[in-house]
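The values are calculated or read from the model by the stated rules, or taken from the named source; none is laboratory data. Fair warning: this is a prediction, and the values are worked out from it, not measured in the lab. Cβ sites come from the backbone with ideal geometry, for glycine too, and all protein chains shown count toward neighbours. These accessible areas exclude ligands, DNA and RNA; they are computed on the full protein's heavy atoms, side chains included. Shrake-Rupley method; radii C 1.70, N 1.55, O 1.52, S 1.80 Å.
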Amino acid sequence: MTSNESVVYDAVVLAGGGARRLGGADKPGVLVGGRALLDRVLGACVDARATVVVAEHRPTARPVRWAREDPPGAGPVAALDAGLRHTAADDVLVLSADLPFLTADTVRRLLTALRTGTGEGVLLTDGDGHEQPLVAAYRTAALRRELAVLTADRGGLAGLPLRRLTAGLELTHVPDPVASFDCDTWDDIASARARIREHGHVLDEWISAVKDELGIDLDVDTGVLLDLARDAAHGVARPAAPLTTFLVGYAAAQAQGGPEAVAEAARKAAALALRWAQEAEQDRAAEPAGPEPAGAEPTGSESNRSRPDAG
């Protein structure tokens with residue numbers, strides 16, 4: 001499977017835990033990088049055919065289906081069972097709602113490993129090698145099989161840990177200490193917020209946040225736009241930088257284009273800024289020398305003419 005092939009999958013996000021280590025705070029709604037943790041997770045699986053969030057209904061950045069385990073608070077296995085009842089795809093992505101660094105690339109990696117392998121599930125492991133069953137892709141039929149076995153053996157699913165479910169599955173492990181990082185404590189939240197403000201991450205994080213906030217899904221070459229902003233600032237005036245990049249985006253939208261339209265509009269604007277800079281340089285080169293300051297010492301032949309004859 002190549003990265004360009006369409007992958008049909010459903011996603012189930014478990015977002016109804018008690019967050020005891022956060023003092024009972026509304027963990028899915030905690031902001032990291034200006035976005036709720038739940039919305040960050042939903043952004044990573046935006047191309048799922050169906051996305052089911054198991055929790056009480058709440059505002060989200062994109063539409064989802066809602067489900068609830070019975071009784072509420074019955075634990076992750078019961079919650080997963082409730083979510084699966086609303087899915088139909090052969091493969092299902094199972095996620096917790098507290099993964100600040102989960103990306104669409106990680107989702108594709110999990111699904112690709114599942115599709116190309118022979119196992120029944122692919123899950124991430126953290127930096128210590130621990131399994132993360134709520135950052136995983138599974139074959140839906142295998143999950144339903146194990147849920148039925150547990151229900152028959154136990155008479156219900158309430159209170160069961162996820163390891164009781166995954167113990168019966170043939171699993172593949174993918175190490176990823178970043179994407180598997182989950183926020184269980186306020187220290188985890190602080191660490192996540194600090195990481196996204198690091199120099200190497202802040203621009204990508206900010207662009208993702210803005211796209212989510214504006215409801216757009218457009219991948220553009222940020223280097224092109226940054227170069228354009230620099231050329232406009234240096235060749236025209238500093239305030240021209242943000243105005244020019246706005247106009248480039250508007251022109252691409254008017255053309256109903258994608259990344260290619262943005263790149264073409266940026267090329268035209270950059271060429272215009274260069275012409276402005278060249279004209280300014282030519283004008284500076286053609287300016288006559290200004291008058292000499294008062295009291296300056298005459299030079300050359302003018303000095304000789306102004307000196308009285310000796311004698």
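Could you list, in sequence order, all residues of segment 226-236 that are open to solvent by 40 Å² or more (accessible area, probe 1.4 Å) and either in contact with a Leu (Cβ under 6 Å, 6 or more places away or on another chain) or of a type outside the set (Val, Ile, Thr) (or both)?
Going through segment 226-236, the residues open to solvent by 40 Å² or more (accessible area, probe 1.4 Å) turn out to be 226-227, 230-231, 234, 236.
Across segment 226-236, the qualifying residues are Leu226, Asp227, Arg230, Asp231, His234.
Only one of Val149, Val178 is under 27 Å from Thr60 (Cα atoms) and open to solvent by 40 Å² or more (accessible area, probe 1.4 Å); which?
Details: Val149 fails: under 27 Å from Thr60 (Cα atoms).
Every option except Val178 fails the conditions.
Which of (1) surrounded by 11 or more Cβ atoms within 10 Å (Cβ to Cβ); (2) part of a helix (DSSP H, G or I) does Gly223 not meet, given it meets every other one?
Answer for Gly223: the failing condition is (1).
Of the conditions (1) among the β-branched types (Val, Ile, Thr); (2) open to solvent by 30 Å² or more (accessible area, probe 1.4 Å); (3) touching a Leu at 6+ places or on another chain (Cβ under 8 Å), Thr103 clears all except one; give me its number.
In the conditions (1) among the β-branched types (Val, Ile, Thr); (2) open to solvent by 30 Å² or more (accessible area, probe 1.4 Å); (3) touching a Leu at 6+ places or on another chain (Cβ under 8 Å), Thr103 misses (3) alone.
If only one of Val77, Val135 is open to solvent by less than 40 Å² (accessible area, probe 1.4 Å), touching a Lys or Arg at 6+ places or on another chain (Cβ under 9 Å) and of a type outside the set (Asp, Glu), which one is it? Let's see the steps before the verdict.
Details: Val135 fails: touching a Lys or Arg at 6+ places or on another chain (Cβ under 9 Å).
Testing whether each residue is open to solvent by less than 40 Å² (accessible area, probe 1.4 Å), touching a Lys or Arg at 6+ places or on another chain (Cβ under 9 Å) and of a type outside the set (Asp, Glu) leaves just Val77.
Among the numbered criteria (1) on the phi < 0 side of the Ramachandran plot; (2) touching a residue at least 24 places away in the same chain (Cβ under 8 Å), which single criterion is violated by His130?
(2)
Could you check segment 80-97 and list, in sequence order, the residues that are touching a Gly at 6+ places or on another chain (Cβ under 9 Å) and either open to solvent by 10 Å² or more (accessible area, probe 1.4 Å) or at positive phi (or both)?
Residues of segment 80-97 that are touching a Gly at 6+ places or on another chain (Cβ under 9 Å), as a first pass: 92, 94, 96-97.
Of everything in segment 80-97, just one residue is touching a Gly at 6+ places or on another chain (Cβ under 9 Å) and either open to solvent by 10 Å² or more (accessible area, probe 1.4 Å) or at positive phi (or both), namely Ser96.
Condition first: modelled with pLDDT of 95 or more, in a loop (DSSP other than H, G, I, E, B) and open to solvent by 40 Å² or more (accessible area, probe 1.4 Å). Can you find one or more residues in segment 27-42 that meet it?
no
Return yes when Gly23 is surrounded by 14 or more Cβ atoms within 10 Å (Cβ to Cβ), at pLDDT below 90 and under 23 Å from Ala192 (Cβ atoms) and no when it is not. Walk me through how you get there before you give the answer.
On the way: surrounded by 14 or more Cβ atoms within 10 Å (Cβ to Cβ): no; at pLDDT below 90: yes; under 23 Å from Ala192 (Cβ atoms): yes.
Taking the combined requirement at face value, the residue does not satisfy it.
Scan segment 260-311 residue by residue and report those that are surrounded by 10 or more Cβ atoms within 10 Å (Cβ to Cβ), modelled with pLDDT of 55 or more and either touching a strand residue (DSSP E or B) at 6+ places or on another chain (Cβ under 8 Å) or of a type in the set (Gly, Ala, Ser) (or both).
Residues satisfying the conditions are Ala261, Ala263, Ala265, Ala266, Ala269, Ala270, Ala271, Ala273, Ala277, Ala280.
Suppose we keep only residues that are in contact with a strand residue (DSSP E or B) (Cβ under 8 Å, 6 or more places away or on another chain), closer than 18 Å to Leu157 by Cα and not aliphatic (A, V, I, L, M) within segment 53-74. Which one would you say is least open to solvent (accessible area, probe 1.4 Å)?
Among those residues, the one meeting the criterion is Glu69.
Any residue in segment 180-203 that's free of Cβ contacts under 8 Å to residues at least 24 places away in the same chain and more than 16 Å from Val41 (Cβ to Cβ): show its pairings with residues that are in a loop (DSSP other than H, G, I, E, B) and not small (Gly, Ala, Ser) at Cβ separation under 6 Å, as long as the two are six or more apart or on different chains.
From residues that are free of Cβ contacts under 8 Å to residues at least 24 places away in the same chain and more than 16 Å from Val41 (Cβ to Cβ), there are no pairs.
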